[in-house]
Amino acid sequence: MLIIFFIAEACLFSCAPKVNKSVLSFFFDGVPVQKSDPAVSERNITGSTEQADSSLALLIRGKEEIFYHYPYKEKDCISCHDKNSKSELISEEPSLCYTCHDDFKEKYKVLHGPVSGGYCTKCHNPHESENAKLLIRTGQQLCFYCHDSKSIKGGETHSDIGNTDCTECHNAHGGDDRYMIK
């Protein structure tokens, strides 16, 4: 009941749009971000792969942790996009990604399906993300978006994994065998 009161008070009685935006963004997905929004300029920009603060602590401070792809952060759009087009890429995935990042075909005997198909953006956002490594989802949610959780957790090997992150045992990009065990 206290949380409902807090939300109502912050949203209905606050004159500060920044507070309203922070509260709404914490509880609801899809709250629009506007470039003129003062909360946007106060984001903590980092290339770090670790997020030390919890979402609630970030909400209280009024800041969101955002991870940026380096060219996007530097507004170097033409390093990936055709300068004569707003959205066309200068080359296809994954060759575009491999101009800066490791080519996993040279690193692993077996590649994960999206990696072998060149679909980097099935797991990674090419511009910015609230998740480290620009992931579009985290933990098991990332893997179970494509892989059937019931069949995996129903098997003998994974019956007791709980909420363990799949990447604690498996390499997300590839490995020496089809199971990509680390």
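The values are calculated or read from the model by the stated rules, or taken from the named source; none is laboratory data. Fair warning: this is a prediction, and the values are worked out from it, not measured in the lab. Positions of Cβ are backbone-derived with ideal geometry, glycine not excepted, and every protein chain shown enters the neighbour counts.
This table checks each residue for (1) farther than 30 Å from Glu64 by Cβ; (2) at pLDDT below 95; (3) in contact with a Phe, Trp or Tyr (Cβ under 7 Å, 6 or more places away or on another chain).
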site	(1), (2), (3)
Glu93	no, yes, yes
Tyr98	yes, yes, no
His124	no, no, no
Ser151	yes, yes, no
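Taking segment 105-117 as the range and being assigned to a loop (DSSP other than H, G, I, E, B), of a type outside the set (Ser, Thr, Tyr) and surrounded by 16 or more Cβ atoms within 10 Å (Cβ to Cβ) as the test, only His112 passes.
For the residues Leu142, Leu134, the requirement of being at pLDDT 95 or above, within 16 Å of the chain's Cα centre (by Cα), surrounded by 15 or more Cβ atoms within 10 Å (Cβ to Cβ) and farther than 23 Å from Asp76 by Cα singles out Leu142. The residues of segment 122-146 that are in a loop (DSSP other than H, G, I, E, B) and farther than 25 Å from Glu92 by Cβ, listed by number, are Glu130, Thr138, Phe144.
Against the condition modelled with pLDDT of 95 or more, over 16 Å from Leu134 (Cα atoms), assigned by TED's automatic domain parsing to the domain that holds Gly139 and not small (Gly, Ala, Ser), how does His69 come out, does it pass? Considered against the rule, which asks whether it is modelled with pLDDT of 95 or more, over 16 Å from Leu134 (Cα atoms), assigned by TED's automatic domain parsing to the domain that holds Gly139 and not small (Gly, Ala, Ser), His69 comes out as no. Considering segment 166-182, the residues that are in a loop (DSSP other than H, G, I, E, B) and surrounded by fewer than 15 Cβ atoms within 10 Å (Cβ to Cβ) include one that is nearest to the chain's Cα centre (by Cα), namely Cys169.
Here Asp160 meets each of (1) acidic (Asp, Glu); (2) free of Cβ contacts under 8 Å to residues at least 40 places away in the same chain; (3) under 25 Å from Glu74 (Cβ atoms) with one exception, condition (3).
Filtering Ser159, Ser85 for residues that are over 19 Å from the mean Cα position of the chain (by Cα), over 20 Å from Asn171 (Cα atoms) and in a loop (DSSP other than H, G, I, E, B) leaves a single hit, Ser85. Residues in segment 80-95 that are under 29 Å from Tyr179 (Cβ atoms) and surrounded by 12 or more Cβ atoms within 10 Å (Cβ to Cβ): Glu93, Pro94, Ser95.
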